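**Q** Before anything else, here's the structure in question.
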Amino acid sequence: MRNTLLSIMLILAITIPSFGNDTFESIPDTSQQLSGYERDSVTNRLRALPLHDIEGLWQWVEDGAIIAIERDFINEAITRYRMVIVESPQRSIRPGTVMGYLTTTAKRGNFDARIYTDNDLTGLLSKTKSFNIVMSDDTHFSITSYREGISVNLWRLIPYMYRINISTKSNRPQGLDGCIKIFPPSTSKPQNPRYL
């Protein structure tokens, strides 16, 4: 029985195709530190370029961190963008730290992202996780994590009377985490209109 299970797992590992995106294979295991990411210099650089919808300065609604999203790599089929921290509430994370990468998908306003999620005391970020970024309009995007790969549930091998299923649930709606664009300013209606 044990050899059969190991054989099945090996066959699955060999025959199931990889679920990765080729544009993310070349990203480093840990974040890089880039120069030229003071807020004024990033704003001036972005002002001089023709920008895609996702490009610009964005502010996280959870903690107020500011990131720049700029084109990093372009080929004939896919555009990859780099997410770089400009201002962070965590003092150990310096401006210019690459936070992650995102690419276009077949659906307009949707992006596939790999974002570094672990932080050590030196301010370097590591361990990328997969996220989906959805632009609801030209000034908002929401972010949702997802998993890729194979999952094996060994509890299925135990008879039914010994199974205990414990799970956690949340009633919090998805799509509430994300960013608001702060540069360039929106050409549509303002985020917080002023009434006179």
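**Q** Counting heavy atoms of the protein chains only and a 1.4 Å probe, report the per residue accessible area for the stretch 78-160 as a whole number of Å².
**A** On the way: 4850 Å² over 83 residues.
About 58 Å² of surface per residue is accessible.
**Q** Which order, highest average first, do 31-39, 45-53 follow once you tally other Cβ atoms within 10 Å for each residue and take the mean per peptide?
**A** Ranked from most to least packed, the peptides come out as 31-39, 45-53.
**Q** Taking all protein chains as present, what is the carbon and sulfur share of the accessible area of the stretch 21-112, in % to the nearest whole number, probe 1.4 Å?
**A** Exposed carbon and sulfur together represent 46 percent of the surface.
The values are calculated or read from the model by the stated rules, or taken from the named source; none is laboratory data. Worth saying up front: this structure is predicted, and the values here are computed from it rather than measured. Virtual Cβ from ideal backbone geometry, glycine too; neighbours counted across all protein chains shown. Just so you know, the surface numbers come from the protein's heavy atoms only, side chains and all, with ligands and any DNA or RNA stripped out. Shrake-Rupley method; radii C 1.70, N 1.55, O 1.52, S 1.80 Å.
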